[in-house]
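Accompanying notes for the structure given below.
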Amino acid sequence: MLTLEPRTGNTHLLQTLTPVLAVAITMLAGAALFASLGKDPVEAIRIIFLDPLLDPYSRSELLVKAAPLALIAIGLSFGFRAGIWNIGAEGQFIIGALTGGATALAFYDISGVWLLPLMAIAGALGGFAWAMIPAILKTRWGANEILVSLMLVYVAELLLSALVSGPLRDPDGFNFPESRQFHDSATLPILLAGTRAHIGILITLGISVAAYVALHRHVFGYHIKLMGSAPRAASFAGVSTTTMTAACLGLSGALAGLAGLFEAAGPVGQLVPSLPAGYGFTAIIVAFLGRLDPLGIVLASLVVALTYIGGETAQFTLQIPAAAISVFQGMLLFFLLAVDVLARFRVKYMRRAQ
Amino acid sequence: MSALLSIRGLTKAYPGVLANSDIRFEVAAGEIHAILGENGAGKSTLVKTIYGLVTPDHGEMYLDGKAFEPRGPQQARAAGVSMVFQHFSLFEALTVAENIALGMAKPPKAADLGRQIRDIANAYGLSVDPDRLVGELSAGERQRVEITRCLLQNPRILIMDEPTSVLTPQEVQTLFATLRRLSDQGVAILYISHKLDEIRSLCHHATILRSGRVVGACRPAEKTTRQLAEMMIGLELTRPLPRLFTPGEAVMTLRDLTVPAETPFGTTLKRINLSLRTGEVLGIAGVAGNGQDELMRVLSGETRVPRECMIFDGRQMGHRGPTYRRIAGLLSAPEERLGHAAAADMSLADNAFLTGRQRQRLAYRGFLRTTSTTNFARAIITRFDVRTPGTDTPARALSGGNLQKFVIGREILQRPKVLVVNQPTWGVDAHAAATIRTALRDLAANGTGVLIISQDLDELMEIADTFSVLESGTLTAPQRTGSLTIDEIGLMMGGSTQEAPNAVA
């Protein structure tokens with residue numbers, strides 16, 4: 001029988017290094033996967049991990065993809081630390097895009113500098129409200145937030161499809177299920193000319209710093225950590241489980257909603273059924289890869305975005321199937337969790353006592 | 001009659017506490033043998049050793065004259081020793097038969113097993129239906145499932161750990177009938193309890209433990225409940241003189257506090273009335289599981305009660321949470337150090353912040369004041385001689401006694417109006433215990449009302465001015481310490497329903 005025993009001694013260094021180790025093992029296992037598909041493994045890994053960094057346009061795309069991942073993952077990390085599992089960030093992302101986008105469409109013939117802030121607020125509130133559904137069900141009736149938040153993703157997807165096929169459809173759009181294009185003052189300003197890098201990236205960086213301060217210097221972060229490591233001590237300290245559950249779900253919902261709005265008002269520029277690209281789910285990987293710490297998450301979002309962009313390139317240059325790229329990305333979380341366990345425990349083979 | 005089980009010189013030490021020291025006794029086939037003692041006397045360690053869950057440091061056990069050294073429960077069961085634990089390990093969503101099959105190395109076919117269960121159950125008057133879901137069964141029925149599970153292995157020794165703590169009086173009678181029938185069939189029963197009346201009516205012999213040692217053996221039926229209580233609690237306890245104290249005004253009052261149990265294993269608090277005055281040390285004695293944890297949670301604010309049930313410093317405060325109470329000056333230290341009073345993985349500084357935030361002003365507009373927090377933690381460490389490398393050390397790394405000094409010191413240094421502590425010196429070495437007791441006395445001398453919930457009678461006799469007993473969720477009227485004889489206290493703690501005589505104070 002195999003058993004796990006806690007490692008004694010200082011595992012601090014080991015635990016800091018696990019994300020790096022996990023990325024390295026993913027590269028090796030990925031190379032084996034691509035080789036078994038008959039592709040040149042070295043070239044595949046080079047295309048995925050190195051090429052995007054050498055090209056200026058790819059570098060800006062890296063930021064465009066990393067920003068929503070980081071924004072969502074930071075929100076999720078608070079809940080994950082406290083033991084509250086919001087798996088439905090994808091749904092809150094969609095609702096944020098919808099409410100923020102609907103605001104833009106409501107003012108399609110009026111422009112002004114106030115419009116983007118208003119859209120951002122509407123997007124964050126939309127995601128917040130969507131996350132309040134599992135929060136209320138959990139605190140009132142003990143419903144499992146994992147299931148509720150996950151199922152609401154599919155509700156949100158269908159709601160988006162319904163709305164862009166109906167009330168929000170572009171009247172001049174030949175019945176395509178798409179909204180109008182947002183006009184200029186409803187679109188995020190571009191940071192670097194000729195790229196899609198928008199101002200949402202800067203806002204994400206600002207929020208990362210604020211989240212870092214909240215987590216490590218503020219009572220809110222203290223309560224989150226306390227609840228995660230000793231729930232009964234938290235209750236003894238006077239931390240209300242109900243309030244914290246609502247706060248964690250609400251915060252992650254609001255940030256996911258904001259990310260959704262940035263996506264709609266940034267690279268996409270309108271509401272389309274294909275808007276959700278899986279950021280909400282990938283952000284879960286990013287949150288753990290970043291050790292549930294805002295600064296770690298910023299780094300992790302860049303790594304994961306790299307595999308996305310590189311993965312796309314590998315798909316059309318090497319004809320690697322999209323499913324293989326998804327497997328490759330999934331391996332990252334798998335190896336992270338596995339390495340994590342092995343960093344904290346040692347495996348021991350025990351003969352069954354009889 | 002030669003002994004079936006013979007225990008010779010069993011010794012087991014844990015860091016800071018000698019759980020069993022040179023334990024000796026013998027049990028004959030068919031004998032119902034009581035292991036009697038207060039909580040912490042070493043009963044659990046002893047039976048866990050016999051059941052193979054604990055390896056002794058010294059000493060031998062013999063079964064039928066042959067050396068018996070079980071390396072785990074499987075070996076103990078194979079040798080014929082079975083145990084029914086106080087808390088059951090049954091899956092509510094499975095049937096009785098499925099639960100029993102889960103514990104077997106090679107379960108027979110479902111139909112065969114069902115028949116075996118019915119046969120055994122009928123033979124011993126257990127009335128167990130193998131097809132019912134465990135979730136639908138009462139505590140007494142679940143216990144019968146556990147007993148049936150043991151009996152299917154044809155045990156020669158059956159260990160029952162506090163079996164009546166979850167039963168109704170009627171269920172207790174059914175259980176006794178079953179145990180007597182087993183005894184007639186030649187099964188020896190080790191019966192762990194501190195309920196004296198039960199032991200007198202059921203057991204043939206009793207071995208009495210105190211502080212990990214055998215302090216007596218007797219035939220319980222030949223002794224009075226009072227004599228048993230004396231043996232259990234110990235006569236070397238001298239009766240201290242009532243301490244001279246001049247209590248001030250009532251600072252905390254509980255009025256007709258009734259709180260239903262939250263879990264099946266919880267205790268309902270029944271119409272508790274209590275008044276704590278400034279400068280008074282009020283001890284609440286009682287065996288664990290009689291409502292101590294529940295009362296503690298009401299006082300700390302973790303369980304909210306109707307506002308008028310609790311009055312603190314002239315204000316109704318039953319509905320207030322821990323934060324509000326701390327600001328008002330009501331501080332507390334729960335029994336469980338790791339996980340409740342302190343977060344194991346967090347540093348001592350973070351743990352100082354846990355309760356010190358409000359009164360020590362360790363946060364400013366929601367932001368942590370790390371320097372103040374570290375200073376506060378350092379003050380606790382210095383004042384209470386907490387042995388630790390520094391304030392960054394996680395709470396988990398401290399020994400029990402050191403962490404307890406930290407946890408109690410954290411509250412004392414905040415100069416409370418009322419301090420409530422549960423088991424302040426549980427598992428703490430003598431030196432640390434003395435430090436804590438002195439600090440609590442000093443606190444009261446400066447006008448704080450101190451409420452101590454403890455199972456340690458010596459401790460309460462040493463530091464309490466007044467004294468009540470919590471038994472089955474009911475609190476007796478307070479007595480001046482020293483106005484009661486030890487055996488009166490023992491009777492109150494042992495579960496005799498008699499009211500405390502001549503309420504004074």
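The values are calculated or read from the model by the stated rules, or taken from the named source; none is laboratory data. None of the values given here were measured: they were computed from a predicted structure. Using ideal geometry, Cβ is built from the backbone for each residue, glycine included, and neighbour counts are taken over all protein chains shown.
On the basis of being over 15 Å from residue A:277 (Cα atoms) and either crowded, with 24+ Cβ neighbours inside 10 Å or among the basic types (Lys, Arg) (or both), does residue A:39 make the cut? Before you say what the answer is, go through the steps one by one.
Details: over 15 Å from residue A:277 (Cα atoms): yes; either crowded, with 24+ Cβ neighbours inside 10 Å or among the basic types (Lys, Arg) (or both): yes.
When the stated conditions are applied, residue A:39 passes them.
Working only within segment B:67-87, note down all residues that are more than 14 Å from every other protein chain (Cβ to nearest Cβ) and closer than 19 Å to residue B:23 by Cβ.
B:67, B:68, B:81, B:83
Give B:76, B:3, B:29 a once-over and let me know the one that is buried (at least 20 other Cβ atoms within 10 Å of the Cβ) and either within 30 Å of residue B:102 (Cα to Cα) or in contact with a strand residue (DSSP E or B) (Cβ under 6 Å, 6 or more places away or on another chain) (or both). Full working, then the answer.
On the way: B:3 fails: buried (at least 20 other Cβ atoms within 10 Å of the Cβ); B:29 fails: buried (at least 20 other Cβ atoms within 10 Å of the Cβ).
It is B:76.
Among (1) in contact with a Leu (Cβ under 6 Å, 6 or more places away or on another chain); (2) at the interface with chain A (Cβ under 8 Å from one of its Cβ atoms); (3) surrounded by fewer than 24 Cβ atoms within 10 Å (Cβ to Cβ), there is one condition residue B:353 misses while meeting the rest; what is its number?
(3)
All but one of (1) assigned to a helix (DSSP H, G or I); (2) away from every other protein chain (no Cβ under 14 Å); (3) in contact with a helix residue (DSSP H, G or I) (Cβ under 8 Å, 6 or more places away or on another chain) hold for residue A:179, so report the exception by its number.
Unmet condition: (1).
Filter segment B:351-363 for residues that are under 19 Å from residue B:421 (Cβ atoms) and either in a helix (DSSP H, G or I) or modelled with pLDDT of 95 or more (or both) and give the result.
Across segment B:351-363, the qualifying residues are B:351, B:352, B:354, B:355, B:356.
Does residue A:107 fit the bill of being surrounded by fewer than 22 Cβ atoms within 10 Å (Cβ to Cβ) and out of contact with any Cys (no Cβ under 6 Å at 6 or more places or on another chain)? Spell out the reasoning first.
Values: surrounded by fewer than 22 Cβ atoms within 10 Å (Cβ to Cβ): yes; out of contact with any Cys (no Cβ under 6 Å at 6 or more places or on another chain): yes.
In short, yes.
Just to be sure I understand, how many residues within segment B:404-460 are over 15 Å from residue B:283 (Cβ atoms), assigned to a helix (DSSP H, G or I), modelled with pLDDT of 85 or more and not aliphatic (A, V, I, L, M)?
Within segment B:404-460, residues that are over 15 Å from residue B:283 (Cβ atoms), assigned to a helix (DSSP H, G or I), modelled with pLDDT of 85 or more and not aliphatic (A, V, I, L, M) number 8.
Given (1) within 26 Å of residue B:386 (Cβ to Cβ); (2) without any contact (Cβ under 8 Å) to a residue 60 or more places away in the chain; (3) more than 12 Å from every other protein chain (Cβ to nearest Cβ); (4) surrounded by fewer than 24 Cβ atoms within 10 Å (Cβ to Cβ), where does residue B:309 come up short, assuming only one miss?
Single failed check for residue B:309: (1).
From the residues in segment A:320-354 that are surrounded by fewer than 18 Cβ atoms within 10 Å (Cβ to Cβ) and assigned to a loop (DSSP other than H, G, I, E, B), which one is nearest to the other protein chains (Cβ to nearest Cβ)?
This residue is A:353.
Checking residue B:269 against (1) closer than 19 Å to residue B:421 by Cβ; (2) at pLDDT below 90, which single condition isn't satisfied?
Here residue B:269 meets the rest and fails (2).
Among the hydrophobic types (A, V, I, L, M, F, W, C), at pLDDT 85 or above and either not in a loop (DSSP other than H, G, I, E, B) or not assigned by TED's automatic domain parsing to the domain that holds residue B:212 (or both): is that true of residue B:54 in this structure? If you could, list the steps in order and put the result at the bottom.
Numbers: among the hydrophobic types (A, V, I, L, M, F, W, C): yes; at pLDDT 85 or above: yes; either not in a loop (DSSP other than H, G, I, E, B) or not assigned by TED's automatic domain parsing to the domain that holds residue B:212 (or both): no.
For residue B:54, the condition - among the hydrophobic types (A, V, I, L, M, F, W, C), at pLDDT 85 or above and either not in a loop (DSSP other than H, G, I, E, B) or not assigned by TED's automatic domain parsing to the domain that holds residue B:212 (or both) - is not met.
Any residue in segment B:118-128 that is over 24 Å from residue B:157 (Cβ atoms), among the acidic types (Asp, Glu) and away from chain A (no Cβ under 14 Å)?
no
Among the numbered criteria (1) within 23 Å of residue B:189 (Cβ to Cβ); (2) of a type outside the set (Val, Ile, Thr); (3) within 14 Å of chain A (Cβ to nearest Cβ), which single criterion is violated by residue B:36?
Of the numbered conditions (1) within 23 Å of residue B:189 (Cβ to Cβ); (2) of a type outside the set (Val, Ile, Thr); (3) within 14 Å of chain A (Cβ to nearest Cβ), the odd one out for residue B:36 is (3).
Any residue in segment B:8-18 that is of a type in the set (S, T, N, Q) and within 21 Å of the chain's Cα centre (by Cα)? Walk me through how you get there before you give the answer.
Filtering segment B:8-18 down to residues of a type in the set (S, T, N, Q) leaves B:11.
Filter again for within 21 Å of the chain's Cα centre (by Cα), leaving none.
No; the residues of segment B:8-18 include none that is of a type in the set (S, T, N, Q) and within 21 Å of the chain's Cα centre (by Cα).
Quickly run through segment B:75-88 and pick out the residues that are out of contact with any Asp or Glu (no Cβ under 8 Å at 6 or more places or on another chain) and modelled with pLDDT of 80 or more. Step through it out loud before you land on a result.
Of all residues in segment B:75-88, those out of contact with any Asp or Glu (no Cβ under 8 Å at 6 or more places or on another chain) come to B:75-82, B:87.
The answer is B:75, B:76, B:77, B:78, B:79, B:80, B:81, B:82.
Within segment A:248-269, which residues are out of contact with any strand residue (DSSP E or B) (no Cβ under 9 Å at 6 or more places or on another chain) and more than 19 Å from residue A:284 (Cβ to Cβ)?
Let us first name the residues in segment A:248-269 that are out of contact with any strand residue (DSSP E or B) (no Cβ under 9 Å at 6 or more places or on another chain), namely A:248-261, A:263-264, A:268-269.
Of everything in segment A:248-269, those that are out of contact with any strand residue (DSSP E or B) (no Cβ under 9 Å at 6 or more places or on another chain) and more than 19 Å from residue A:284 (Cβ to Cβ) turn out to be A:261, A:264, A:268, A:269.
In this structure, is residue B:41 among the small types (Gly, Ala, Ser), in contact with a Cys (Cβ under 9 Å, 6 or more places away or on another chain) and more than 14 Å from chain A (Cβ to nearest Cβ)?
Numbers: among the small types (Gly, Ala, Ser): yes; in contact with a Cys (Cβ under 9 Å, 6 or more places away or on another chain): no; more than 14 Å from chain A (Cβ to nearest Cβ): yes.
Considered against the rule, which asks whether it is among the small types (Gly, Ala, Ser), in contact with a Cys (Cβ under 9 Å, 6 or more places away or on another chain) and more than 14 Å from chain A (Cβ to nearest Cβ), residue B:41 comes out as no.
Give B:320, B:383, B:415, B:315 a once-over and let me know the one that is surrounded by fewer than 23 Cβ atoms within 10 Å (Cβ to Cβ), away from chain A (no Cβ under 14 Å), under 30 Å from residue B:256 (Cβ atoms) and of a type outside the set (Gly, Ala, Ser). Outline the logic, then answer.
Values: B:320 fails: away from chain A (no Cβ under 14 Å); B:383 fails: under 30 Å from residue B:256 (Cβ atoms); B:415 fails: under 30 Å from residue B:256 (Cβ atoms).
Answer to the check: B:315.
What number of residues in segment B:364-380 are surrounded by 19 or more Cβ atoms within 10 Å (Cβ to Cβ) and either outside any helix (DSSP H, G or I) or within 13 Å of another protein chain (Cβ to nearest Cβ) (or both)?
The qualifying residues number 2.
Assess whether residue B:304 counts as being in a loop (DSSP other than H, G, I, E, B), without any contact (Cβ under 8 Å) to a residue 40 or more places away in the chain, within 14 Å of chain A (Cβ to nearest Cβ) and under 24 Å from the mean Cα position of the chain (by Cα). Break it down into steps so the answer makes sense when it comes.
Numbers: in a loop (DSSP other than H, G, I, E, B): yes; without any contact (Cβ under 8 Å) to a residue 40 or more places away in the chain: yes; within 14 Å of chain A (Cβ to nearest Cβ): yes; under 24 Å from the mean Cα position of the chain (by Cα): yes.
The answer is yes for residue B:304.
Can you pull out the residues in segment B:117-145 that are of a type in the set (S, T, N, Q) and either touching a Leu at 6+ places or on another chain (Cβ under 6 Å) or within 14 Å of residue B:87 (Cα to Cα) (or both)? Show your work before the answer.
Step one: filter segment B:117-145 for residues of a type in the set (S, T, N, Q), giving B:122, B:127, B:138, B:143.
Passing the criteria: B:138, B:143.
Of all residues in segment B:323-350, which are facing chain A (nearest Cβ under 8 Å) and in a loop (DSSP other than H, G, I, E, B)?
Within segment B:323-350, B:334, B:336, B:339, B:340, B:341, B:343, B:344, B:345, B:346 qualify.
On the given criteria, is residue B:99 among the polar types (S, T, N, Q), within 23 Å of residue B:75 (Cβ to Cβ), assigned by TED's automatic domain parsing to the domain that holds residue B:188 and loosely packed, with under 13 Cβ neighbours inside 10 Å?
Values: among the polar types (S, T, N, Q): yes; within 23 Å of residue B:75 (Cβ to Cβ): yes; assigned by TED's automatic domain parsing to the domain that holds residue B:188: yes; loosely packed, with under 13 Cβ neighbours inside 10 Å: no.
Answer is no for this residue.
Would you confirm whether or not segment A:199-216 contains a residue that is without any contact (Cβ under 8 Å) to a residue 12 or more places away in the chain, over 29 Å from residue A:302 (Cα atoms), within 14 Å of chain B (Cβ to nearest Cβ) and part of a helix (DSSP H, G or I)?
No, segment A:199-216 contains no residue that is without any contact (Cβ under 8 Å) to a residue 12 or more places away in the chain, over 29 Å from residue A:302 (Cα atoms), within 14 Å of chain B (Cβ to nearest Cβ) and part of a helix (DSSP H, G or I).
Grab the helices (runs of 4 or more DSSP H) fully contained in segment A:220-319, keeping just those with 1 or more residues being more than 13 Å from every other protein chain (Cβ to nearest Cβ).
On the way: elements: A:231-237, A:241-263, A:279-289, A:294-318.
In segment A:220-319, A:241-263, A:279-289, A:294-318 are the helices (runs of 4 or more DSSP H) which contain 1 or more residues that are more than 13 Å from every other protein chain (Cβ to nearest Cβ).
Is it the case, given these coordinates, that residue B:459 is charged (D, E, K, R) and within 14 Å of chain A (Cβ to nearest Cβ)?
no
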